[in-house]
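The structure appears below as structure tokens.
Please treat every number below as a calculation from the coordinates, not as lab data. Quantities reported herein were computed from a predicted structural model and do not represent experimental measurements. Note that each Cβ is placed from the backbone with ideal geometry, even for glycine, and that neighbours are counted across all protein chains shown.
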């Protein structure tokens, strides 16, 4: 049993001076701390500077994570986006209000010194339809005039599919200059996280 | 000269400006050639419409190999 100590003249006129006359750790007093009861599964929350109440946890959470990896390469001279074949990842949100955080990293190579430039984005569809590009261009990697550049390309996107259907994501790439560029060849990774905010 | 460079050079010799996509190694065999995704158009969201049947009369595997062998 826990006890607190009440100092000299700590009790006056049937009142206890908790702020200056009581030391030690206070046990939960009979009657609680300003709340009569809590709700199972909820948390104790300050509802004012000196009041407490039972409340739901409304902080953001990661609900599920999906990952796909590839060491393959896709080479293209296409001036329209084409699928990066190595990665094809789907997630089924538990709630239509969930956000999907999309992370992607790979390697991009402009293959030559003749001013080639590529672009990357992400294609998404829901339940096999309604496909879109999440952005007209996520990045324009590996571009440097008169220099061959091979280096990391990565992007992050927060999607709001507003669906509990199967949401499918595929990286796409294209050549802005109409000659061959490539993506991949080393470790490529896409990660999807369903989050509440 | 790498196989990828030879392939690109040979393709552009046969027909300049051809738009294609292939995965992994350069398509130097007929089997790989038949896996090339040739662009034939673009859909409403900006994705290439592709076919693995080469739509260019100027290009086939025999012609491509002949050009690559010159390099």
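Observations, loosely collected:
- Calculated mean residue ellipticity at 222 nm for the protein assembly as shown: -2500 deg cm²/dmol, from DSSP H runs with n ≥ 4 weighted as -39500 (n - 2.57), summed, divided by the residue count and rounded to 500.
- Contact order for chain A, expressed relative to its length and based on alpha carbon pairs under 8 Å spaced 6+ residues apart, stands at 30 percent.
- Beta bridges assigned by DSSP with both partners in the protein assembly as shown are antiparallel in approximately 100 percent of cases.
- Calculated P(r) of the protein assembly as shown - Cα pairs past 30 Å, %: 49 percent
- Per residue of B:35-46, other chain Cβ atoms within 10 Å of the residue Cβ number 4 on average.
- Overall dimensions of the range A:31-150 by Cα: Rg and Dmax, Å: 24.0, 79
- GNM flexibility winner over chain A from A:14, A:64, A:140 (Cα, springs under 10 Å): A:14
- Remark: spin-label model distance residue A:69-residue A:49 equals 5.3 nm, labels positioned 7 Å along the Cα→Cβ axis.
- Mean-position separation - Cα centroids, the range A:28-107 and the range A:120-197, in angstrom: 21 Å
- A protection proxy built from the mean count of other Cβ atoms within 10 Å ranks the segments A:74-85, A:93-104, most packed first, as A:74-85, A:93-104.
- Debye-formula intensities of the range B:3-69, expressed as log10 I(q)/I(0) at q = 0.18, 0.19 Å⁻¹, are -0.63, -0.69 (one equal scatterer per alpha-carbon, no solvent).
- Mean partner shielding of peptide B:14-23, defined as the number of other chain Cβ atoms within 10 Å of each residue Cβ, is 6.
- Partner shielding of A:67-79 amounts to 5, given as the average count of beta-carbon atoms from other chains within 10 Å of each residue beta-carbon.
- Average Cα contact separation per residue, the range A:41-110, under 8 Å, 6 or more apart, as relative contact order %: 19 percent
- Packing-based ranking, highest mean first, of B:62-71, A:41-50 given that Cβ atoms within 10 Å are counted: B:62-71, A:41-50
- Based on C-alpha pairs under 8 angstrom that are at least 6 apart in sequence, the range A:100-153 has a relative contact order of 47 percent.
- Within a Gaussian network of chain B (alpha carbon springs, distance under 10 Å), most fluctuating of B:11, B:59, B:49: B:49
- GNM top mover of A:38, A:165, A:178 - chain A, alpha-carbon springs below 10 Å: A:38
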